[in-house]
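Colleague: Before I ask anything, here is the structure I am working with.
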Amino acid sequence: MAAAAAAPAMAVNGIKIGTASQAHLESMAAKETRVLISGFSRHFYNLGRASGTSGSTTIKVHDHYTRKPQQLMVMSSSGGLSAPSPKPHLPKTPKSSDYGSLFTKLGIDFSSPSDGPMQRVRSGLGMGQRRNVLTKAQGSEREMDPFPHCIVLDIEGTTTPISFVTEVLFPYARANVGRHLSATYDNPETQDDIKLLRSQVQNDLEQGIAGAVPVPPDDAGKEEVIASLAANVEAMIKADRKITALKELQGHIWRTGFESKELEAIVFDDVPKALEKWHALGKKVYIYSSGSRLAQRLIFGNTNHGDLRKYLCGFFDTKVGNKRETSSYVEIFESLGVDKPSNILFLTDVSQEATAAKAAGLEVMISIRPGNGPLPENHGFRTINSFLEI
């Protein structure tokens, strides 16, 4: 098999950049490296870590089929491609435009942030915010952005008034348990809900939980089963039980309400503004609520400020664990892939949840909202009245 012909030497401003085979230049390894370096540059820019690349990112194209002296170095937009030869003396400082032909050949967009794809990131920021991003990028390590990489939000009393949950969602679920179970009784989803409820009720009966009543077997008849389940669900809602069996069924009932437009979720006015700002700054936002993940998606997909799910990266519910247990927040930390728990900021209105999250190493703030319950004295946490204070 004939060897690939060598590509002609390339020069910029009279300086020889190096030679490489055309096959290596167009190889999958070279293409993947170009994509990788472009992704890194975009990621660093979005994080506010660099206002420009300045040729500061370089990755070697590793290819087993090309001799090392001919292997390429891919550099960010104010650099170029060269073989790993001694760096020549440059008669003048090169500009990104000097290397335009090289990056055009490689399919890399070298346009500046003001007129290129990075403009999409800037478009969501005001002038003051842009200046802050640049200051953080240019400052010392102590001046780097101290803001955590990820934000985890509670819902009730944090993003949403407690009154919406207690006076709208819970009553809607309680009033529609029988209708929902009757209309969907034979659906696999509802049958799974019934199995979870049966198991929970049996456990409640063994522990002597108030309000628990036996659920008859299926052969007792559909209506008898539904009536007993409805009685148990009503008692669970009244006691504000944070259990998966209840939350799963509630989510399915609320889905019907949101789809029929009988329900519309309420979030505080500062919430969409803060979500948009955090999203523009490259922060990842998650929800952790005792409500099911389905219920969480329904709430943020149908708010008085429109669909806010575009600003959210994921949802955690009681399958992670109880919100007042430290192990739940350890599980969230291990799921998010950050270097340390303090890279996560948790916002809640409940001091016991705040304590559990702090014990896991998370940064914590307590949300003060109208209708929230009183906090213990000397709780030791920073409090906020609006997300815009962050």
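The values are calculated or read from the model by the stated rules, or taken from the named source; none is laboratory data. What you are looking at is a predicted structure, and each value in this text was computed from that prediction instead of being measured. Using ideal geometry, Cβ is built from the backbone for each residue, glycine included, and neighbour counts are taken over all protein chains shown.
Colleague: Among the residues of segment 290-307, what is the count of those that are modelled with pLDDT of 95 or more and crowded, with 21+ Cβ neighbours inside 10 Å?
Modeller: Matching residues across segment 290-307 total 4.
Colleague: Please work out which one of (1) crowded, with 19+ Cβ neighbours inside 10 Å; (2) under 21 Å from residue 338 (Cβ atoms) is the condition residue 321 fails and give its number.
Modeller: (1)
Colleague: Please verify whether residue 304 is touching a helix residue (DSSP H, G or I) at 6+ places or on another chain (Cβ under 9 Å) and in the same structural domain as residue 371 (by TED's automatic domain parsing), treating the condition exactly as stated.
Modeller: Taking the combined requirement at face value, the residue does not satisfy it.
Colleague: With respect to residue 227, is the statement that it is in contact with an Asp or Glu (Cβ under 6 Å, 6 or more places away or on another chain) and either among the small types (Gly, Ala, Ser) or surrounded by fewer than 20 Cβ atoms within 10 Å (Cβ to Cβ) (or both) true?
Modeller: no
Colleague: Just one of (1) in contact with a Gly (Cβ under 9 Å, 6 or more places away or on another chain); (2) surrounded by 18 or more Cβ atoms within 10 Å (Cβ to Cβ) trips up residue 342, so point out which.
Modeller: (2)
Colleague: Which count do you get for residues in segment 367-383 that are without any contact (Cβ under 8 Å) to a residue 24 or more places away in the chain and more than 28 Å from the chain's Cα centre (by Cα)?
Modeller: Filtering segment 367-383 for residues without any contact (Cβ under 8 Å) to a residue 24 or more places away in the chain gives 368, 374, 377-378, 380, 382-383.
Filter once more, so that each one left must be more than 28 Å from the chain's Cα centre (by Cα): 374, 377-378.
Final tally of qualifying residues: 3.
Colleague: Can we say residue 318 is of a type in the set (Val, Ile, Thr), at pLDDT below 95 and not in a helix (DSSP H, G or I)?
Modeller: Yes; evaluated as a whole, the condition is true for this residue.
Colleague: Also: Among the helices (runs of 4 or more DSSP H) contained in segment 116-198, which hold 3 or more residues that are at pLDDT below 95 and under 22 Å from the mean Cα position of the chain (by Cα)?
Modeller: Per the criteria, 119-122.
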